[in-house]
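Enquirer: So that we are looking at the same thing, I have put the structure below in structure tokens.
What follows is calculated from the coordinates using simple rules that are stated; it is not laboratory data. Note that the structure is a prediction, hence the values are computed from the model and not measured. Don't worry about glycine lacking a Cβ; one is built from the backbone with ideal geometry, like all the others, and counts go over all protein chains shown.
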Amino acid sequence: MAFDLQEQEQIDSMKAFWQQWGKLIGGAVLAVSLGYLGYKAYGMYERGQAEKAAAAYEAVDNAAAAKDISKLKTAAQQLQGEFGGTIYASRAALVLAKAAFDKNDPALASSQLEWVLKNGKDEELQAIARIRLASLLLDQKKYDGAIGELNQAHPAAFDAEYLELKGDVFVAKGDNGAARDAYKAALAKQGEESPSRQLVQTKLDALGG
């Protein structure tokens, strides 16, 4: 098939372009394709892990319902070991921490809360773990440690709860001025319909603030 001069020039130009850039373009397309396939494969892996973790979490629920802390510990630690990147592992750690606290085992409770803070992927569960750890430290009269935890970054939705507990810690320390400030700040963060608003106000009134 014959080509006129202009068509032949276009063909030659395209050949030259592909000779110069063809390998680079082909490599880029391949890299993008592999990246997309890797992303899809990782998504499938994550979903699979979440499904397996959800099934494993049933053992946590069952042990908690039976108040069998030995089985609960085993189930929670299995989740942490095999599915530590899932939300279920953090939830299991919080359940075990509560059970350990109820059984007067603050060391186990503390270790589980710290596990969530170090390994958890969910900010809200980490915020819950931190405030429970601060409460535990308050019970142990480790006031500076409790304040240190409460000063850490957390989702804004927890501001009022953190400030209220901070006020409780300052009261325990005997620093009523700092306690008043914390309670006032907690009230400012709460809505008028907050169920804990009256309690915070009562605490503040008790300090003469």
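Enquirer: Within the range 55-106, count every residue that is farther than 22 Å from A127 by Cα and assigned to a loop (DSSP other than H, G, I, E, B).
Expert: 4
Enquirer: Return the only residue of L113, L138 being surrounded by 19 or more Cβ atoms within 10 Å (Cβ to Cβ), of a type in the set (A, V, I, L, M) and more than 13 Å from the chain's Cα centre (by Cα).
Expert: L138
Enquirer: Got a sec? Which of L117, L163 is in contact (Cβ under 8 Å) with a residue 24 or more places away in the chain, part of a helix (DSSP H, G or I), of a type outside the set (F, W, Y) and in contact with a Leu (Cβ under 9 Å, 6 or more places away or on another chain)?
Expert: When all the criteria are applied, what remains is L163.
Enquirer: Among the residues of the range 137-153, is any of a type in the set (K, R) and either touching a Pro at 6+ places or on another chain (Cβ under 8 Å) or more than 29 Å from A107 (Cα to Cα) (or both)? Write out each step before concluding.
Expert: Of all residues in the range 137-153, those of a type in the set (K, R) come to 141-142.
Now narrow it down to the ones that are either touching a Pro at 6+ places or on another chain (Cβ under 8 Å) or more than 29 Å from A107 (Cα to Cα) (or both): none.
No: zero hits.
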